[in-house]
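Q: Just dropping this structure here.
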Amino acid sequence: MKIALLELRRQPRRFGGAVAILTLLGALLMLLGGLLDGLTEGGTNAITAQRADLIVYSANSGAKFAQSRIDPATAAVVAGTDGVTDTGALNVVQLGARLPDSGPRDLVGVRLFGYEIPPAGVGAPPAAGEAYADVTLRDRGAQVGDVVLVGSQKSKVKIIGFVPDTTYVLEPTLWANVETWSSIVGANRPSEQLGVGVSQSLAVTVTGDPLAAASRIDAATGGTTTTLTPAGVVEADKGVQSQNATFGGIIGITVLIAIVVIALFFALLTAERTGLYGVLKALGARSGALFAGVVAQAMILTLIASLIATALALALEVALPPGVVPYSLSATRVISSVGSLLLAAVVGCAFSLRRVLRIDPASAIGGST
Amino acid sequence: MSDVLVMTDVRKIYETGDTEVAALDHASLTVGDDEIVALVGPSGSGKTTLCSIAGGLLSPTSGVVTVGGHDLTTYSARELSDFRRDQVGFVFQSVNLVPFLTARENLLVIAELGGGDTSTATTRADQLLDELGLADRAKNLPSQLSGGQRQRVAIGRALMNEPSLVLFDEPTSALDSKLGDQVTRLIRSEMKQRGTSAIIVTHDDRITQYADRVVHISDGVVLDH
């Protein structure tokens, strides 16, 4: 092992090519992962930020707010279900918004939420005509106290504070009380106006196991509802599923390329070292020890490449202006990318094992079986 | 004088297609304690095969090989690795030092492979380098050493594990006659100082004068022993 490490130290240029390619692959893994996480977070932050344990939709809605309706009778059944401690309406509508000092055609797509149970970071439902805004609106120039004009009727909403990480479908959000939400929808989207006491969904807090409570709620409503945890809502989202499948496939292919690169590099290196390994075997080195040296070298090269790739990925995150590209690099993503590369290093090296095993120590002295 | 190496009726058969080639044919050889044997023969005569079997690099097809009283023919591949590391020394024809290790580190390779005490091994390596006239070259890479110095490092490496038997494969073939003579005298001196047995594979007649005994081999048959 020490011999392998000394080789790395004394002949670093020999390994430069492999480090460069692994760095690019590592950076690509982190970039893809960051984009996937950014897209997922940007699309579902408003859901994952819910403090509610469950969200109740009507059964045939496909867990989509726009297609879901919970009438007062169903809401009462939900509220009366064993284990339910609180319920509150949760509605959303997409509208165009004009920020102060913006031109008449300079619209920003926003999602206006009407809520009763505040999500994480959001205060209690504000007074009529007021709303909390997601920080991405601040990035676009909005300030506390600004009045945003929303919808074709230019309904006024005053921003009373900013909240982090509450975007929805990659758009900024406004968080108003249910009455404000209803009046704005009534003015701008009359066809989407809800009946009295009707909500798109219900945010529900429960005691005990949320999944068991979800089953009880759906049973109590006679199957007219679909109740999911916030995480379940995200998982059920077809868009998120497609993103995960697409990016997962690309990430998987990148890891496969890393395996091939490492396998080819160390296969070539092992072929070059056949003479040296023959001598070391003649001197008493076991194949296992030589292979362990190969694996150690691959792991160290991969770690060096991962460090550089992480620095590049972090630099990219800093360099990207907010809101331009949905890119979010988390520690989990960095660790999983480095772990994937390390796994690729071990698997790639495994292709050299047979070659190492087959090296005949007698070759060192000129004789061979 | 006890025997360090005893090879009895050893055969080594290689199969090439339907034919069998006997690289060693009922070869027997003994090497006594403190004895230097020159193994002489033309190319393809089987001397390298004999040397490889004596050093545990090859297993014979039949026959018995004992080194220091241990029957190598009963050893597994793993045990043969340990035997080579602990019991014998090798000096290869092309020296074969590890190119990215210094002279001292090349000697310490043996200890590294065995996982032994590093400080003891370092002391021994420095002592050997001093004896071989390489104390001031301990930190030099092989590429920074002359051919003779590299050969001396290889001899030092072969002596690191205090072997009972050292096998030299054409040790002077890459050296000019003057340097070859110096190295051969050094080999004899080092072996005799330590009471270590040696087989020197060669077809250089000048070496034979430094051996205690000359054994000829031809077509896999040991002609005198």
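Q: For chain B, what relative contact order do you get, as a whole percent, if you take Cα pairs closer than 8 Å and at least 6 residues apart?
A: It rounds to 31 percent for chain B.
Q: Just to check I understand the Karplus step: with θ = phi - 60° and J = 6.51 cos²θ - 1.76 cosθ + 1.60, what whole-Hz values come out for the range B:61-71, glycine and proline as x?
A: 3J(HN,Hα) across the range B:61-71, in whole Hz: 6, 8, x, 10, 10, 10, 10, x, x, 9, 7.
Q: With a point put 7 Å past each Cα toward its Cβ, work out how far residue A:307 is from residue B:181 in nm, to one decimal.
A: Label at residue A:307, label at residue B:181, 5.5 nm between them.
Q: Now for a separate question. Please list, in chain and number order, the residues 5+ apart from residue B:34 or on another chain whose amide H is under 5 Å from its amide H, with Hs placed from the backbone.
A: Those qualifying (amide H under 5 Å, at least 5 residues apart or on another chain) are B:197.
Q: Moving to a separate point now. How many Cβ atoms of partner chains, on average, are near each residue of B:101-114 if near means within 10 Å of its Cβ?
A: So the per-residue partner count for this stretch is 3.
Q: Using the number of other C-beta atoms within 10 angstrom as an exposure proxy, rank A:86, B:117 with the fewest first.
A: B:117, A:86
Q: Could you calculate the contour length gain from residue A:350 to residue A:2, that is, 0.36 nm times the residue separation minus the distance between their Cα atoms, to one decimal place in nm?
A: Between residue A:350 and residue A:2, full extension yields an extra 123.3 nm.
Q: I would also like to ask the following. Rounded to the nearest 500, what is the 222 nm mean residue ellipticity of chain A from helices alone, with -39500 (n - 2.57) per DSSP H run of 4+ residues and division by all residues?
A: -17000 deg cm²/dmol
Q: Same structure again: Kindly rank A:338-344, B:14-20 from highest to lowest mean number of other beta carbons found within 10 Å of each residue.
A: Peptide ranking by packing, descending: A:338-344, B:14-20.
Q: Taking the number of other C-beta atoms within 10 Å as the exposure measure, put A:25, B:179 in order starting with the fewest.
A: B:179, A:25
Q: A follow-up question, please. Mind checking the mean number of beta-carbon atoms from other chains within 10 Å of the Cβ atoms in B:50-58?
A: Average neighbour count from other chains, rounded to a whole number: 5.
Q: A further question on this structure: What order, most packed first, do the peptides A:92-104, B:150-162, A:56-68, A:242-254 have when packing is the mean number of other Cβ atoms within 10 Å of each residue?
A: B:150-162, A:56-68, A:92-104, A:242-254
Q: For a label point 7 Å from the Cα of residue B:206 along Cα→C-beta, name the residues of the range B:172-190 whose backbone N is under 18 Å from it.
A: Within reach of a label on residue B:206, which here means backbone N under 18 Å from a point 7 Å along Cα→Cβ, the range B:172-190 contributes B:172-189.
Q: Evaluate the distance, in nm, between pseudo-label points positioned 7 Å from the Cα of residue A:246 and of residue A:193 along their respective Cα→Cβ axes.
A: Taking the two extended label points, one gets 3.8 nm.
Q: With each label point set 7 Å from Cα along the Cα-Cβ vector, what nm distance links residue B:15 and residue A:67?
A: Going from the residue B:15 label point to the residue A:67 one covers 7.0 nm.
Q: Return the sequence-ordered ³J(HN,Hα) values of the range B:10-20 in whole Hz as given by the Karplus equation 6.51 cos²θ - 1.76 cosθ + 1.60 applied to θ = phi - 60°, using x for Gly and Pro.
A: Result, ordered by residue: 7, 10, 9, 10, 10, 9, 10, x, 8, 9, 10 Hz.
Q: Just for the Cα atoms in the protein assembly as shown, what are the lengths along the principal axes, largest first, rounded to whole Å?
A: 115, 51, 44 Å, listed from the longest principal axis down.
Q: Ok, one more. Counting only other chains, and only Cβ atoms inside 10 Å, what mean value do you get across the residues of A:281-293?
A: Taking all residues of A:281-293 together, the mean is 6.
Q: Further, regarding this structure: For chain B, what is the calculated [θ] at 222 nm in deg cm²/dmol (nearest 500), taking -39500 (n - 2.57) for each run of four or more DSSP H residues and dividing by its residue count?
A: -10500 deg cm²/dmol
Q: Relative contact order for the range A:54-228: what is it in percent, counting Cα pairs under 8 Å that are at least 6 residues apart?
A: 36 percent
Q: If I take every Cα pair under 8 Å that is 6 or more residues apart in chain A, average their sequence separation and divide by the length, what percent do I get for the relative contact order?
A: 28 percent
Q: Can you give me the span-like helices of chain A, meaning DSSP H runs with 20 Å or more of Cα extent along the axis and Kyte-Doolittle mean at or above 0.5?
A: A:16-48, A:238-272, A:287-319, A:331-358
Q: Between residue B:8 and residue A:9, what's the calculated FRET efficiency when r is the beta-carbon distance and R0 is 51 Å? Round to 0.05.
A: 0.60
Read-outs throughout are calculated quantities, based only on the coordinates presented, and are distinct from any laboratory measurement. Computed from a predicted model, the values in this text were never measured in an experiment. Counting neighbours? That spans all protein chains shown, and the Cβs are built from the backbone with ideal geometry, glycine included.
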